[in-house]
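The values are calculated or read from the model by the stated rules, or taken from the named source; none is laboratory data. This one's a predicted model, so the numbers in the text were calculated from it and none came from an experiment. Cβ placement follows ideal geometry from the backbone for every residue including glycine, while neighbour counts extend to all protein chains displayed. In case anyone asks, the SASA skips ligands and DNA or RNA and just uses the protein heavy atoms, side chains included. Shrake-Rupley method; radii C 1.70, N 1.55, O 1.52, S 1.80 Å.
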Amino acid sequence: MADHQNGGAKPPVSGAGAYTINLDNFSKRLKGFYTHWSDHKSDIWGSTDAIAIATPPTSEDLRYLKSTALNIWLLGYEFPETIMVFMNKQIHFLCTQKKAKLLQTVKKSAREAVGADLVIHVKAKNDDGTTLMEEIVGAIHVQSKSDPPIVGYISKEAPEGKLLETWSDKLGSSNIQLTDATNGFSELFAFKDVSELTCIKKAAYLTSSVMKNFVVPKLERVIDEEKKVSHSSLMDDAEKAILDPAKVKVKLKAENVDICYPPIFQSGGQFDLRPSASSNDDNLYYDSTSVIICAIGSRYNSYCSNVARTFLIDATPTQIKAYEVLLKAHDAAIGALKPGNTVGAAYQAALALVQKEAAELLPNLTKSAGTGMGLEFRESGLSLNSKNDRPVKPGMVFNVSLGFQNLQAQTNNPKTEKFSLLLADTVIVSEKPQEVLTAGCSKAVKDVAYSFNEEEEEEPPRVRSDLNGTGVLPSKATLRSDNQEMSKEELRKQHQAELARQKNEEIARRLAGGGSAAADGRGAAKTSSELMAYKNVNDIPFSREFAIQVDQKNEAILLPIYGNMVPFHVSTVKSVTSHQDNRTCTIRIIFNVPGTPFNPHDANTLKFQGAIYLKEITFRSKDPRHSSEVVQLIKTLRRHVTSRESERAERATLVTQEKLQLSGNRMKPIKLPDLWIRPSFGGRGRKLTGSLEAHVNGFRYSTSRPDERVDVMYANIKHAFFQPAEREMITLLHFHLHNHIMVGNKKTKDVQFYVEVMDVVQTLGGGRRSALDPDEIEEEQRERDRKNKINMEFQSFVNKVHDLWAQPQLKALDLEFDMPLRELGFHGVPHKSSAFIVPTSSCLVELIETPFLVVSLSEIEIVNLERVGFGNKNFDMAIVFKDFKRDVLRIDSIPSSSVDGIKEWLDTTDLKYYESRLNLNWRPILKTIIEDPQKFIEDGGWEFLNMEASDSDTDNTEESDQGYEPSDAEPESASEDEASDSESLVESDEEEEESDEDSEEEKGKTWEELEREASNADREKGDDSDSEDEKRRRKAKVLGKSRMPDRRDPKGIPKRPKFK
């Protein structure tokens, strides 16, 4: 068992030499104590003339005492059986000889800090200390201004041991007025300095690491293997993990850590949310609808931290709703802990949210939202209840603990009919937003709710995706499944049906809130009013020659017009050409004129609407050499200015990044040398390799050239990937960023650093080399060794960066290198060429070919698999994003053999997918949704893509393929209108041709598209001999296959299949 002393840091038993008191801390805190005592003497300290603190002897009981806390705060160690008396001019200590030797070192510091002499009374071994106590009491009478003297003490700490009982009797019989000084010490300990906050941060990091890396995996393993483990044994294991930080990969010395309380594990309907709760000997109960509460706290150098989490097993909707309300209330309480608010505002914020979200849960809410925390686990006077009006100030630390007690669940099992919920985090108050030190241990619904689905007849809803739409991440895997009757395909269909329901609810909420619009990110164009070559006429350079001149310094061209040299800024030149005849050379200059195509009116032209602009000018010269030189100079200068202005415009749209903090001498930067970068730096010189260094708040890549440097801030990294070379030629690190940065003169959101693991060589010899050739074998071995060496170097760099990102100041960024899962990869064409596309845990990526492909799964709304059917060798994937203003991403020509693997992957990552036999034209579909979201929701949301539901409805209706006959009243008009509506959603060959003609970038067509065009052309030729009735019938059949329901006919909307 751990040493349960409040202090945990004791003076040495073998002498004072092994321990030293931190004199700087002692002086600073003693001065702070005396200043606080002097400033608040009448209102908080009870007008005391002296303060007497007696520390009791050591005990094996787990307890927190203010006397012990004062020892540790002031001296750094616990001094049991020691009496301290503080007066204006003197500080008296009554202790044993060994403690007195250690206290001798602070005499000078006490005098310099507060002007008080330190008087040490050494008690002999067999002495009861009565004589020494009389000396101290006499000093109190002499130095006190009051009669009788007022002495402050801690009233709640009863005297323990012979020495303290004697001291208590002496004070009671010495004509001294005693008053409680507890509030003064509570106020004094409430504000933590930098060293105290560091200790609390280390303790909190250990606490969250034990919960995340030990407790949660332990519970999952117990449940998965259906073991019978008692709460008390889980408590012992968790305590051992705290006392040995190396078990959870935390680099803290074991002698400096301790537990705040024995870890608490509760389940099976018996819950106690009080801090004094304990773990009983009952076995962990994890059947359906059960709840498990875990709470652990650790200390570092006696400073406390705490975290509590609730885990839900096959939760009912009632339990999920209660937990979501508690989660919001807990966050509201944390958000209310701002400087300027009262301490009670935290509980009031939680109370108001519960009243708004679920008023029926108010009677079950805990009566406070936690307490202050530091050297004591519960600091008196800082309880987060509605009546506490003490102000919140920076430097305070709180254990924000909130819960619901004894809620009712609709079950018949006595162990699950009542349940409780509890959440707790360690929070630091600062001028900036509150710092939640234990945020690394997730409390999101998707991370604490587990679904086992053992009961088929009454299956609880899967809590596998974030219903608020904040992220779609791989959910907690089902740990156990005894249901082997259903096939994988049936289970997948059931899960997809549930996802469809959740997706429609989510999109209804999102569209009701106005949706999301992405900024176009374009900078303002430079107006003509900003173009100025010369400020006045005198700045124009004088020239004797009356010829065209180029002033590169002022970026202007001087043109001779009517006997004057007229300057034009080079940016006003649209184009310059030269043409040489037999004897003369013609120079033609065309200018940018506002109001013409691609040159819209700017503010200056609208202001001076009567201005006259020069559109074109032509010169003739008999000197062809001068003419060609002038044209070349103008083109070069124009290209340079255009490039510079383009780069400036790109930089103007960049988000300002924080400044890189370089690592100091104490922490050398983590370095990975000899890397190439993509996109590469501009310039015509030879490209150079560079080094990637990890510093305090970001990476820096630099080459030997001073202008080739890129800083990537950790806070700007959205996704980080490490892809070792397996079948590829390179090993790489890739960063996908939140905001664009400049690499050279290129604006990019993707930065990649890579090394070629093998050289691309070509054998000059004509013949093939034998596989048994020793040189060939040796060369292959060298390549394998080089590849393994490079992969190991990258892996080492990644591991070191992970350790850096695990530090408390970077933990909130939640950064981690993701590795592509090659076994789930598939071939496709995301841009213009075929590539191997690989999923990761949070993205879909292709990092070898450029342009790179990085798609965040959390940004995907749905996935539609197009051209899926028998006989097709390939199919396409259309990815629809949650931002409907964003273009749909298409991945074409995916082999049909990959369709099952892709479906399984999409289902596992909680992405809703649909299938269609045709390629859809997504722009009008998304435009329709944006224009009338309510109609889209009423029509069933995305279910118009459900091919199976639509086919089943079509088969059961009278307007099927076989039974369709056009109406006599409207022979062709109605069908043509319907055809125009339906065909607008399906890309026909004519629309493809028109879109190709209108687009600026023409793309080559695949063999499949060419074959489709040929077959369509043949079909059209064959249609010439058909009758009009047959044409109408064929046209109606095409309409029957359209996936989008007619917006004008609500009866035609396919109903959503219901799953129980």
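Summary table
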read-out: Failed condition for V85, given (1) over 18 Å from L164 (Cβ atoms); (2) open to solvent by less than 40 Å² (accessible area, probe 1.4 Å); value: (1)
read-out: Residue pairs meeting the criteria (Cβ under 9 Å; at least 6 apart or on separate chains; first in contact (Cβ under 8 Å) with a residue 40 or more places away in the chain and under 18 Å from I879 (Cα atoms), in the stretch 816-834; second among the small types (G, A, S) and open to solvent by 60 Å² or more (accessible area, probe 1.4 Å)); value: F826/S897; H827/S834; G828/S834; K832/G1004
read-out: Residue in the stretch 293-313 that is of a type in the set (K, R), open to solvent by less than 10 Å² (accessible area, probe 1.4 Å) and more than 23 Å from T68 (Cα to Cα) present; value: yes
read-out: First in the stretch 302-321 and under 30 Å from N256 (Cβ atoms), second anywhere and of a type in the set (F, W, Y) and not in a strand (DSSP E or B), Cβ under 6 Å, 6 or more apart; value: C304/F377
read-out: Test result for P391, touching a strand residue (DSSP E or B) at 6+ places or on another chain (Cβ under 8 Å) and open to solvent by 50 Å² or more (accessible area, probe 1.4 Å); value: yes
read-out: Checking I120 against (1) open to solvent by less than 40 Å² (accessible area, probe 1.4 Å); (2) closer than 22 Å to K28 by Cα; (3) under 52 Å from the mean Cα position of the chain (by Cα); (4) modelled with pLDDT of 90 or more, the condition it does not meet; value: (3)
read-out: Subset of the stretch 496-510 [hydrophobic (A, V, I, L, M, F, W, C), closer than 19 Å to T928 by Cα and over 24 Å from the mean Cα position of the chain (by Cα)]; value: A508
read-out: Residue pairs meeting the criteria (Cβ under 9 Å; at least 6 apart or on separate chains; first under 15 Å from F93 (Cα atoms) and hydroxyl-bearing (S, T, Y), in the stretch 103-122; second assigned to a helix (DSSP H, G or I) and at pLDDT below 90); value: T105/A16
read-out: Only one of L74, L62 that is in a loop (DSSP other than H, G, I, E, B) and aliphatic (A, V, I, L, M); value: L62
read-out: Test: S209 is touching a Leu at 6+ places or on another chain (Cβ under 8 Å), open to solvent by less than 30 Å² (accessible area, probe 1.4 Å) and assigned to a helix (DSSP H, G or I); value: no
read-out: Some residue of the stretch 272-288 being part of a strand (DSSP E or B) and open to solvent by 20 Å² or more (accessible area, probe 1.4 Å); value: yes
read-out: Odd one out for T731, checked against (1) more than 30 Å from Q661 (Cα to Cα); (2) modelled with pLDDT of 85 or more; (3) open to solvent by less than 20 Å² (accessible area, probe 1.4 Å); value: (1)
read-out: Condition check for R309: over 30 Å from G76 (Cα atoms), assigned to a strand (DSSP E or B) and of a type in the set (D, E, K, R); value: yes
read-out: Wholly within the stretch 744-857, strands (runs of 3 or more DSSP E) carrying at least 1 residues that are closer than 27 Å to I902 by Cα, modelled with pLDDT of 90 or more and small (G, A, S); value: 826-828, 835-839, 853-856
read-out: Scope the stretch 777-809; condition without any contact (Cβ under 8 Å) to a residue 24 or more places away in the chain, within 16 Å of K671 (Cβ to Cβ) and open to solvent by less than 60 Å² (accessible area, probe 1.4 Å); matching residues; value: S796, H802
read-out: Flag for S109 being surrounded by 14 or more Cβ atoms within 10 Å (Cβ to Cβ) and modelled with pLDDT under 90; value: no
read-out: Extreme residue, farthest from G32 (Cα to Cα), among residues of the stretch 72-118 that are touching a strand residue (DSSP E or B) at 6+ places or on another chain (Cβ under 8 Å) and hydroxyl-bearing (S, T, Y); value: T96
